[in-house]
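Note sheet for the following structure.
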Amino acid sequence: MKKKTVCVLTVILCASLGLSGCSLFPFEQDLPFHKSETENTDVESAGNTPLETEEEQNAETDEDGNDTQEITDEQSEEEVASPLEQASLMAAQYDYDEAIELLKSQPAYDSNTDMQNAVSEYENTKAACTEYPLEQITHVFFHTLIKDTSKAFDGDTDSDGYNQYMTTIDEFNKIIQSMYDKGYVMVSPHDMATVNEDGTMSRGSIMLPPGKIPFVLSQDDVSYYHYMDGDGFASKLVVDDEGKIRNEYIEDDGSVSVGDYDMVPLIDRFVEEHPDFSYRGAKGIVALTGYNGILGYRTDISYETRPADLDDNKVEWLDAHPDFSLDKEREEAKKVADAMKEDGWLFASHTWGHQNIGQISLEQLQADTQKFKDNVDPLIGGTDIIIFAFGTDLTTQEDYSGDKFEYLKSVGYNYYCNVDSSKYFVQIRDRYFRQGRRNLDGYRMYYNPDLLEDLFNAKDVFDPSRPTPVPPMG
């Protein structure tokens, strides 16, 4: 992962020493053409693959008295970030205390004017920061991004849904650039509220320089479902030879291209160029179902047990992959998930079977949650965030209560997100954090561009290859 850090630090060193001061509209369905998965499959626990550990490297001191690490055969000297470079990245991402502490802890600090000047600059910038009102932090989300619009909008039965609920890569890139230009910075809900040892919640604190605006980013259904095959979407997430997250995309001739074809790698590349788009390393939240596996890997136990009610898409896929190995799929998925977490990404439950939380019974919720915990949690290291499918919520009341909430809280969920087109909706209560999310997709850009003006100009973003009119809801 050091190559990744060096890429970011290179950008920072070019510029960071000149750091500047620091009515509900219901989203009726998440994917109208996407049914909840309720097949009655056997449940087995997924095996945990232990994280690989790197060899400990002996610390030594360079000629200037700075702490550094011993260089290994696989690691060249230019890949080791100096304390000044590390501090520069921390400060660029608004972690001034850590940057200052790092530099002051260096043996050469008292005689190194570059370090002293950097600390002075970070202290001044920190002093200009103010605490941002947590209840005024917006949350935006996307579904899987469209790489090839000619395939997604080809007039088949799924085209209307893609047009309503998906965003093209070109639109996404323009949206992110616009938000960056306006001063938006990605933050984590874990910085907005923290969980105490007794399960209660406490308010967090987001400290930013003037002109910066925090927001939360998420993406739903990052499973690369079978029904999307051949429709112009990436097929999975992978880790490349440099340790960076990329996508695979299956071309018409069956060959596989590797590149940045969905939100995760696109955001990673953007932050490499613009590290100040991330607050203390935060990226987005990736919401997962489990019935088709996760991240493009077929990790659900049903692919191995092949129950009698296995759906046709799974049967067709298994028939085309006679060498399928559940253990191998889970191993590869966990490798990607570990790399994503190391790089600032969070995971959330989107329920195992893409369930409508407002309609299913408590017993159905319990059964579905157990499948998620058996088949998904071991691969992602667990999660305390749940993002409800179909844009629904646990209740229409002001505060959470009742059997479903008590169950979800009891199994470890502390952060809850629904869909809400208002600019921001945040609740920080004694036992939970709740936030509404804004869908940035074809439907919202076409029918409600005024609701997006604080983020971007929809007219400038709207992809001309998108068919109009965008189909209305219902």
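The values are calculated or read from the model by the stated rules, or taken from the named source; none is laboratory data. Just so we're clear, the structure is a prediction, and the values are computed from it rather than from any experiment. Glycine also receives a Cβ, built like all others from the backbone with ideal geometry; neighbour counts cover every protein chain displayed.
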Single condition Gly442 does not satisfy, out of (1) within 20 Å of the chain's Cα centre (by Cα); (2) crowded, with 21+ Cβ neighbours inside 10 Å: (1)
Taking segment 219-263 and keeping only residues that are surrounded by 15 or more Cβ atoms within 10 Å (Cβ to Cβ), part of a loop (DSSP other than H, G, I, E, B) and out of contact with any strand residue (DSSP E or B) (no Cβ under 8 Å at 6 or more places or on another chain), one is left with Tyr225, Asp231, Lys244
Checking the structure you have, find out if any residue of segment 401-422 is surrounded by fewer than 17 Cβ atoms within 10 Å (Cβ to Cβ) and among the aromatic types (Phe, Trp, Tyr). yes
Search segment 426-439 for residues that are among the charged types (D, E, K, R) and pair each with any residue that is surrounded by 16 or more Cβ atoms within 10 Å (Cβ to Cβ) and not in a strand (DSSP E or B) when their beta-carbon atoms are under 6 Å apart and the residues are at least 6 apart or on different chains. Arg438/Ser421
Surrounded by fewer than 18 Cβ atoms within 10 Å (Cβ to Cβ) and in a helix (DSSP H, G or I): does that describe Ser202? no
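Inspect all residues belonging to segment 88-96 and state whether any of them is hydroxyl-bearing (Ser, Thr, Tyr), at pLDDT 95 or above, crowded, with 19+ Cβ neighbours inside 10 Å and more than 18 Å from Met207 (Cβ to Cβ).
Going through segment 88-96, the residues hydroxyl-bearing (Ser, Thr, Tyr) turn out to be 88, 94, 96.
If we keep only those that are at pLDDT 95 or above as well, we get 88, 94, 96.
Among the residues that remain, those that are also crowded, with 19+ Cβ neighbours inside 10 Å are: 88, 94, 96.
From the residues that got through so far, the ones that are more than 18 Å from Met207 (Cβ to Cβ) too are 88.
Scanning segment 88-96, I find at least one residue that is hydroxyl-bearing (Ser, Thr, Tyr), at pLDDT 95 or above, crowded, with 19+ Cβ neighbours inside 10 Å and more than 18 Å from Met207 (Cβ to Cβ), so the answer is yes.
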For segment 76-88, state whether one or more residues are assigned to a helix (DSSP H, G or I), of a type in the set (Gly, Ala, Ser) and closer than 21 Å to Asp276 by Cβ. yes
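To keep it simple, each residue is scored yes or no on (1) surrounded by fewer than 18 Cβ atoms within 10 Å (Cβ to Cβ); (2) farther than 23 Å from Arg431 by Cβ.
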| position | (1), (2) |
| --- | --- |
| Lys328 | yes, yes |
| Val336 | no, yes |
| Leu346 | no, no |
| Trp352 | no, yes |
| Gln355 | no, no |
| Gln359 | yes, yes |
| Asn375 | no, yes |
| Thr392 | no, no |
Unique residue being touching a strand residue (DSSP E or B) at 6+ places or on another chain (Cβ under 7 Å), farther than 22 Å from Phe142 by Cβ and not small (Gly, Ala, Ser) when the list is Tyr432, Tyr415: Tyr432
So in segment 205-218, with the set limited to residues that are of a type in the set (A, V, I, L, M) and more than 19 Å from Ala128 (Cα to Cα), which one is surrounded by the fewest Cβ atoms within 10 Å (Cβ to Cβ)? Val216
Please tell me if Arg269 is modelled with pLDDT of 95 or more, farther than 20 Å from Ser88 by Cα and either part of a loop (DSSP other than H, G, I, E, B) or not β-branched (Val, Ile, Thr) (or both). no
What's the number of the only condition in (1) surrounded by fewer than 22 Cβ atoms within 10 Å (Cβ to Cβ); (2) in contact with a Phe, Trp or Tyr (Cβ under 6 Å, 6 or more places away or on another chain); (3) not β-branched (Val, Ile, Thr) that His143 fails to meet? (1)
